[in-house]
Amino acid sequence: MSQFLTWIATLPPLAQIPLVLAAFGVVVALLIFFLEIAPRSGRKFTIARLAVCIVAPGLIFLALGSIWPAAIAAVILGGLFFILDYRSRQGAGYLFQLFGFLAPAIVLLAIGLVYPTIQTMVQAFMNSRGNRFVGLDNFAWVFTQETGIRTVLNTIVWVLIVPTLSTIFGLAYAVFIDKSRGEKFFKILVFMPMAISFVGASIIWRFVYTARPADQDQIGLLNQIVVWLGGQPVDFLAVSPWNTLFLIVVLIWVQTGFAMVVLSAAIKGVPAEQMEAAQLDGTNAWQRFINVTVPGIRSSLVVVLTTISIASLKVFDIVRTMTAGANDTSVIANEMYTQFKGFEFGRSSALAVVLFLLVLPIVIYNARQISKQRTIR
Amino acid sequence: MSTTIPAQLPVDKTTERQLARGERAIERSLTKGTKNRLTSRGATIAALVIAILWTTPTLGLFVTSFRLPEEISRNGWWTIFANPGFTFSNYTEVLASGNSQLTLGGAFLNSIAITLPATLFPLVIASLAAYAFAWIDFKGRNWLFIGVFALQIVPLQMALVPLLSLFSRGLKIGSLTLFDGMDAGGYSQVWIAHTIFALPLAIFLLHNFVSEIPGELIEAARVDGAGHGQIFFRIVLPLTMPAIASFAIFQFLWVWNDLLVALVFADGDVAPMTKLLAEISGSRGQDWNLLTAGAFISILVPLIVFFSLQRFFVRGLLAGSTKG
Amino acid sequence: MSSTLHRRWIAPVALMAVTGILLAGCSSEGGSSSGPGDYGKADGVVTIYGTIADTEAELLEKSWADWEKANNIDIKYESSKEFEAQISVRAQGGKAPDLAIFPQPGLLADLATRDYIQPAPDGVKANVEKYWSKDWAGYATSNDTLYGAPLMASVKGYIWYSPKNFAKWGVEVPKTWDELMAVTKTIQEKTGKAPWCAGFGSDAASGWPGTDWVEDLVLRQSGADTYDKWISNEVKFSDPKIKKALDTVGEILLNPDYVNAGLGDVKSINSTPFGDVARVVGDGSCAMTHQASFFDGFITDPKNGNATVGPDKDVWAFLTPPIDAGAGQAVTGGGEIVGAFANDADTVKVQEYLSSPEWANSRVKLGGVISANNGLDPASASSPILQDAIKILTDPDTTFRFDASDLMPGVVGSDSFFKGMVNWINGSSSSDVLSTIDKSWPSD
């Protein structure tokens, strides 16, 4: 594999795409083929399963440039797995299938995300060099200094305001433009911010917020408006605590597009009959919206709120590029990055753990939703 | 649960039918060409206000990118007519920029070469997993799924070092080497990194679409003797294709605009455009004229993708229910 | 068949266990104990990573182009604005470059104490002994081991002014701090406008120009000894000496009558990008600003300051004066240190070359920068201010100290100190700002 990738890397960029995709396609096709024939009974299929259980792990290990003993161990494990699968109560091939569908994702997640998560959890209780257990010291540091508390509070403000307002604006816009002439065009206008990188977004907002002295021409639009209205230019990003709100506006601006697109689709799924029936009952537009539309798109609302909440908890780029956390605008993700940069892995990990804790209510809520649905089905 | 659950989450059969009807009603009204006007005058105005508020900042960027550098820092972009000065030089200068290893054109190709596979890999892997979570019964399924969902919160910054270490040093138990480092260079590392980081959200969203497929369809196929492989390929994939395509656009946007992963995994001559644009302003960071033009160039491709796939996109989020 | 339930679990559990073991093995790699070890191959390619970007990077590559050809080594230079974060990610991830150009000695020391940096090879050691002062060698030393050689240098604490305007207002270049304050007052009275301008804006590093101010005052008011102790945290930020320095700076920067010439009020200091200050200095609306020798490039840039620099030109500079005229000249300055992650023959060769006077002359001739290398020919310098700076750096009577914030741990020197300065301009009290910085000091 290493050789294959090295060889591919020597090709021109555009030639690499089809080759890699083709290779990936072949692997996936093979996988699906074996998943299909796995549960069939008969000697032929049993042998095929056995062959795959033994050959696949060995090949994968060798392709990744592993040593022989490891590959042999993998082959033995593969064999054990075959026996396990063969005697499974759900019938031979059941475990094989389950494994085939889930393994690629689970293995990648374990390597790329689960392992760092565990490491972070451990580091949060260690000193900066990771060689001494310090108990809750790092957490104490977060919560005993003014900036630390400020950072946590700011993050909570972000996660309360951004999902709510983005969803409200997105929903309102989706309702207003629903079935209107030029709906697609209207959608693109609000969706555009999503297509802009955070670096681009921060430049855009500089041309909105920047303040110049009163006796000079303004280059920030908002300050120009203030001046036109007879006010004094304000440095919007410096005045605490309002500056956090001005940063939040940027994320709302970005996320509204996401909310709008998803909710607009959901609104179109609300049965027309219900609307008509409500209309016949003599309800007004607002009552119809509250009594028919909102219940109809409830689960989409949950998904949108969840996704945007997680995005706002993790917000980093906007703060980093616009204020770097000065003037009491820092958020947890930004502070975490700063500490990480400064080799303070203990403190950085402690902040990450605080972030995990903040997301717990969202996870629990979604978990309950999911199990509710399962019981419905 | 309330009566109707349209797009994201599993729905019962009645809802399913209602949804299909709703969609048909819309299609009917579309085919008749009787588009309604905005619901009311107030709504029209509100929609226009939102549209203007959301577009103005971007318009400012667009106008600024055509202004002379000295004008940009002297007066506002809205005074372009009072202070005329229109130039393409910001664009030509950005397009000519680059470092000793890469031109902007090369970085553009890199961006494409990174983004396409990094969009498709996670989609395929995630839809396989989403299928298992939705249609294969196994113990601990809910918990595993919630675990995957919760992984969305892991800050990427924390995950970069272990992954990089795996790529460069391989895996070792004590002095025993299990894997060699994957010193392949090229795009492989950035592909794999993006694939991994996209999985939690991709599985979460796709699961909701995949589980919406009516159970009787799957049952019918099973009775006909189809295995999971066939069901996945013949039923699930086609039915959720719009959903997959719509998530593909989101993933495309995120990978295209990513800087953090590229900084670590895409070096030297495989660096994408975001990385090069982040450097062009030099150590001073004051060349706003170049930054605006650069930002606009990098917006172009995502916008084209969005424009061309918008129809697909909107339909995609209605997935499953409409065709069931 | 009684244990089906268990059996269903065995496969995933076994998988998890294997993965866990593999990952545990991986993690045992993390804690290193026996030095950086051998790293890198002598394959004719040496990678260098640094912060120097854009035109400066082109000049850097030009400076070694001939040597590359002669020695058949390909030097690949890569720059990043996120250097500080990236270098630590890469070092830990095992994908470090062969060489890195560190703008902060503190960062080099951080990595060195974690055994990522190779001790300087003998050739570099010899060059450093021969061509650099003890002070400079000290900045590349951690725990008595030399880890690299300095590269370029800059002198901080210049005050840029217009000689013509000074003559017009009848003021002289001040010799002491009190004279400087008197000059400030005179100009303010004569023009009715603020004499000083400043800009702290610099994206994620906003606030650093303020730290230069404070460092200059600490060094001049309390001496080199206190300055060194301040860096090692023996003197805290909340110490009266540091507070005095900050308050002295505040007499200028927080005084609405004295700032911010041509740019607005006191708070506009934060929102003004430091480079934009060159514009008001160039057009004469700002009488004085405090900035390092590199500011020369900003002032002469036709897109920015659009002015000439020289003793009898539009703009010239004097060093921030001492408190007491009798005391010798003390200056702060900055520079880069080249540290090596690899120790193959090619890397060593490049490292030696970069520490040699040949390279210093080759680079300085291309303009814009200087080096503290004693083997440097002052005539190589491209502009009067750089020649002046070389004179100061090589003058044995000058007390030279490296920029304190660059020597402090990263979380302080390139974060909380910066932020503190921004908050201070924004109205936080000196003591609040200083105690907040103290709290951010690393745990151990």
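The values are calculated or read from the model by the stated rules, or taken from the named source; none is laboratory data. What you see is a predicted model, and the numbers here were worked out from it, not measured in a lab. Don't worry about glycine lacking a Cβ; one is built from the backbone with ideal geometry, like all the others, and counts go over all protein chains shown. These area figures cover heavy atoms from the full protein model, side chains too; ligands, DNA and RNA do not enter into them. Shrake-Rupley method; radii C 1.70, N 1.55, O 1.52, S 1.80 Å.
Restricting the search to region C:242-268, which residues are under 17 Å from A:Gly220 (Cβ atoms) and either open to solvent by 20 Å² or more (accessible area, probe 1.4 Å) or hydrophobic (A, V, I, L, M, F, W, C) (or both)?
Selection gives C:Leu263, C:Gly264, C:Asp265, C:Lys267.
Pick from region B:74-100 the residues that are surrounded by fewer than 18 Cβ atoms within 10 Å (Cβ to Cβ) and hydroxyl-bearing (Ser, Thr, Tyr): which of them is nearest to C:Thr272 (Cα to Cα)?
B:Thr79
Considering each of A:Leu5, A:Leu64 in turn, give the residue that is open to solvent by less than 30 Å² (accessible area, probe 1.4 Å), on the phi < 0 side of the Ramachandran plot and not hydroxyl-bearing (Ser, Thr, Tyr).
Numbers: A:Leu64 fails: open to solvent by less than 30 Å² (accessible area, probe 1.4 Å).
From the options A:Leu5, A:Leu64, the qualifying one is A:Leu5.
Tally up the residues in region C:314-348 that are within 30 Å of C:Ser285 (Cβ to Cβ), crowded, with 23+ Cβ neighbours inside 10 Å and of a type in the set (A, V, I, L, M), please.
The total comes to 2.
Results for (1) of a type in the set (D, E, K, R); (2) in the same structural domain as A:Ala259 (by TED's automatic domain parsing); (3) crowded, with 21+ Cβ neighbours inside 10 Å, shown as yes or no for each residue.
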{"position": "A:Leu113", "(1), (2), (3)": "no, no, yes"}
{"position": "A:Arg132", "(1), (2), (3)": "yes, no, no"}
{"position": "A:Thr144", "(1), (2), (3)": "no, yes, no"}
{"position": "A:Thr167", "(1), (2), (3)": "no, yes, yes"}
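Is there any pair linking a residue in region A:96-111 that is in the same structural domain as A:Leu35 (by TED's automatic domain parsing) and within 17 Å of A:Leu77 (Cβ to Cβ) to one that is of a type in the set (A, V, I, L, M, F, W, C) and outside any helix (DSSP H, G or I), with Cβ under 8 Å and at least six apart or on different chains, and which?
Qualifying pairs under 8 Å: A:Phe96/A:Ala38; A:Leu98/B:Ile136; A:Leu98/B:Phe138; A:Gly100/A:Ala38.
If you go through region C:296-346, how many residues are touching a Ser or Thr at 6+ places or on another chain (Cβ under 9 Å) and within 16 Å of C:Gly148 (Cα to Cα)?
Final tally of qualifying residues: 7.
Would you list the helices (runs of 4 or more DSSP H) that sit entirely within region C:373-442 and hold 3 or more residues that are surrounded by fewer than 20 Cβ atoms within 10 Å (Cβ to Cβ) and among the charged types (D, E, K, R)?
Filter on region C:373-442 gives C:430-439.
Six or more apart or on different chains, Cβ atoms under 6 Å: show the pairs whose first residue is in region B:295-310 and more than 9 Å from chain A (Cβ to nearest Cβ) and whose second is in a helix (DSSP H, G or I) and buried (at least 16 other Cβ atoms within 10 Å of the Cβ).
Listed pairs, sorted by first residue: B:Leu309/B:Ile249.
Confirm whether C:Thr226 is touching a Lys or Arg at 6+ places or on another chain (Cβ under 6 Å), of a type in the set (Ser, Thr, Tyr) and either closer than 20 Å to C:Asn423 by Cα or open to solvent by less than 20 Å² (accessible area, probe 1.4 Å) (or both). Walk me through it before giving the result.
Values: touching a Lys or Arg at 6+ places or on another chain (Cβ under 6 Å): yes; of a type in the set (Ser, Thr, Tyr): yes; either closer than 20 Å to C:Asn423 by Cα or open to solvent by less than 20 Å² (accessible area, probe 1.4 Å) (or both): yes.
For C:Thr226, the condition - touching a Lys or Arg at 6+ places or on another chain (Cβ under 6 Å), of a type in the set (Ser, Thr, Tyr) and either closer than 20 Å to C:Asn423 by Cα or open to solvent by less than 20 Å² (accessible area, probe 1.4 Å) (or both) - is met.
Based on what the data block shows, is A:Gly346 crowded, with 24+ Cβ neighbours inside 10 Å, of a type in the set (Gly, Ala, Ser) and in contact with a strand residue (DSSP E or B) (Cβ under 8 Å, 6 or more places away or on another chain)? Working first, answer last.
On the way: crowded, with 24+ Cβ neighbours inside 10 Å: yes; of a type in the set (Gly, Ala, Ser): yes; in contact with a strand residue (DSSP E or B) (Cβ under 8 Å, 6 or more places away or on another chain): yes.
In short, yes.
Filter region A:68-100 for residues that are within 11 Å of chain C (Cβ to nearest Cβ), among the hydrophobic types (A, V, I, L, M, F, W, C) and buried (at least 16 other Cβ atoms within 10 Å of the Cβ) and give the result.
Answer for region A:68-100, where residues must be within 11 Å of chain C (Cβ to nearest Cβ), among the hydrophobic types (A, V, I, L, M, F, W, C) and buried (at least 16 other Cβ atoms within 10 Å of the Cβ): A:Ala70, A:Ala73, A:Ala74, A:Leu77, A:Phe81, A:Phe82, A:Leu84, A:Leu95, A:Phe96, A:Leu98, A:Phe99.
From the list A:Leu62, A:Leu35, A:Leu21, pick out the single residue that is in contact with a helix residue (DSSP H, G or I) (Cβ under 7 Å, 6 or more places away or on another chain), within 9 Å of another protein chain (Cβ to nearest Cβ) and under 30 Å from B:Asp269 (Cα atoms). First the steps, then the outcome.
Details: A:Leu62 fails: within 9 Å of another protein chain (Cβ to nearest Cβ); A:Leu35 fails: under 30 Å from B:Asp269 (Cα atoms).
Selected residue: A:Leu21, the only one of A:Leu62, A:Leu35, A:Leu21 that is in contact with a helix residue (DSSP H, G or I) (Cβ under 7 Å, 6 or more places away or on another chain), within 9 Å of another protein chain (Cβ to nearest Cβ) and under 30 Å from B:Asp269 (Cα atoms).
Quick one: would you say A:Ala73 is in a helix (DSSP H, G or I), among the small types (Gly, Ala, Ser) and farther than 30 Å from B:Arg169 by Cβ?
Values: in a helix (DSSP H, G or I): yes; among the small types (Gly, Ala, Ser): yes; farther than 30 Å from B:Arg169 by Cβ: no.
So A:Ala73 does not fit the description; no.
Hey, among A:Ala238, A:Ala265, which residue is aliphatic (A, V, I, L, M) and under 27 Å from the mean Cα position of the chain (by Cα)?
Going through A:Ala238, A:Ala265 in turn, just one is aliphatic (A, V, I, L, M) and under 27 Å from the mean Cα position of the chain (by Cα): A:Ala265.
Pick from region C:143-178 the residues that are part of a loop (DSSP other than H, G, I, E, B) and aliphatic (A, V, I, L, M): which of them is surrounded by the fewest Cβ atoms within 10 Å (Cβ to Cβ)?
C:Val173
Condition test on A:Val319, is it within 11 Å of chain C (Cβ to nearest Cβ) and crowded, with 20+ Cβ neighbours inside 10 Å?
Working: within 11 Å of chain C (Cβ to nearest Cβ): yes; crowded, with 20+ Cβ neighbours inside 10 Å: yes.
Judged against the criteria, A:Val319 is a match.
Hey, among B:Val148, B:Val63, which residue is without any contact (Cβ under 8 Å) to a residue 40 or more places away in the chain and over 30 Å from C:Tyr77 (Cα atoms)? Give the derivation first.
Numbers: B:Val148 fails: without any contact (Cβ under 8 Å) to a residue 40 or more places away in the chain.
When all the criteria are applied, what remains is B:Val63.
Looking at region A:181-242, what helices (runs of 4 or more DSSP H) fall wholly within it and have at least 1 residues that are within 14 Å of chain C (Cβ to nearest Cβ), surrounded by 23 or more Cβ atoms within 10 Å (Cβ to Cβ) and not basic (Lys, Arg)? Steps first, please.
Values: elements: A:183-191, A:198-209, A:221-228.
Once the helices (runs of 4 or more DSSP H) in region A:181-242 are filtered for at least 1 residues that are within 14 Å of chain C (Cβ to nearest Cβ), surrounded by 23 or more Cβ atoms within 10 Å (Cβ to Cβ) and not basic (Lys, Arg), what remains is A:198-209, A:221-228.
Quick test of your reading of the structure: A:Ser88 fulfils all but one of (1) assigned to a helix (DSSP H, G or I); (2) polar (S, T, N, Q); (3) within 21 Å of B:Lys139 (Cβ to Cβ); (4) modelled with pLDDT under 80. Name the failing condition by number.
Going through (1) assigned to a helix (DSSP H, G or I); (2) polar (S, T, N, Q); (3) within 21 Å of B:Lys139 (Cβ to Cβ); (4) modelled with pLDDT under 80 one by one, A:Ser88 breaks only (1).
Inside region C:52-63, can you point out the residues that are open to solvent by less than 40 Å² (accessible area, probe 1.4 Å), within 21 Å of C:Lys81 (Cα to Cα) and either touching a residue at least 40 places away in the same chain (Cβ under 8 Å) or not assigned by TED's automatic domain parsing to the domain that holds C:Asn343 (or both)?
Correct list: C:Ile52, C:Leu59, C:Leu60.
Between a first residue in region C:98-115 that is part of a helix (DSSP H, G or I) and a second residue that is small (Gly, Ala, Ser) and open to solvent by 20 Å² or more (accessible area, probe 1.4 Å), which pairs have beta carbons less than 9 Å apart while being 6 or more apart in sequence or on different chains?
Final answer for the pair search is C:Pro105/C:Gly138; C:Gly106/C:Gly410; C:Gly106/C:Ser414; C:Leu107/C:Gly410; C:Leu107/C:Ser414; C:Asp110/C:Gly410.
Yes/no matrix, rows are residues, columns are (1) of a type in the set (A, V, I, L, M, F, W, C); (2) within 14 Å of chain C (Cβ to nearest Cβ):
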{"position": "B:Pro117", "(1), (2)": "no, no"}
{"position": "B:Val124", "(1), (2)": "yes, no"}
{"position": "B:Ile136", "(1), (2)": "yes, yes"}
{"position": "B:Asn142", "(1), (2)": "no, no"}
{"position": "B:Val148", "(1), (2)": "yes, yes"}
{"position": "B:Ile153", "(1), (2)": "yes, no"}
{"position": "B:Leu156", "(1), (2)": "yes, yes"}
{"position": "B:Leu163", "(1), (2)": "yes, yes"}
{"position": "B:Arg169", "(1), (2)": "no, yes"}
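Within the bounds of region A:298-312, is there any residue that is more than 10 Å from chain B (Cβ to nearest Cβ) and open to solvent by less than 10 Å² (accessible area, probe 1.4 Å)?
yes
Could you check region C:179-195 and list, in sequence order, the residues that are surrounded by fewer than 20 Cβ atoms within 10 Å (Cβ to Cβ) and part of a loop (DSSP other than H, G, I, E, B)?
Answer for region C:179-195, where residues must be surrounded by fewer than 20 Cβ atoms within 10 Å (Cβ to Cβ) and part of a loop (DSSP other than H, G, I, E, B): C:Gly192, C:Lys193.
Looking at C:Ala167, C:Ala149, which is the one that is out of contact with any Gly (no Cβ under 6 Å at 6 or more places or on another chain), at pLDDT below 95 and either assigned by TED's automatic domain parsing to the domain that holds C:Lys349 or not aliphatic (A, V, I, L, M) (or both)? Show your work before the answer.
Details: C:Ala167 fails: either assigned by TED's automatic domain parsing to the domain that holds C:Lys349 or not aliphatic (A, V, I, L, M) (or both).
Being out of contact with any Gly (no Cβ under 6 Å at 6 or more places or on another chain), at pLDDT below 95 and either assigned by TED's automatic domain parsing to the domain that holds C:Lys349 or not aliphatic (A, V, I, L, M) (or both) holds for just one of C:Ala167, C:Ala149, which is C:Ala149.
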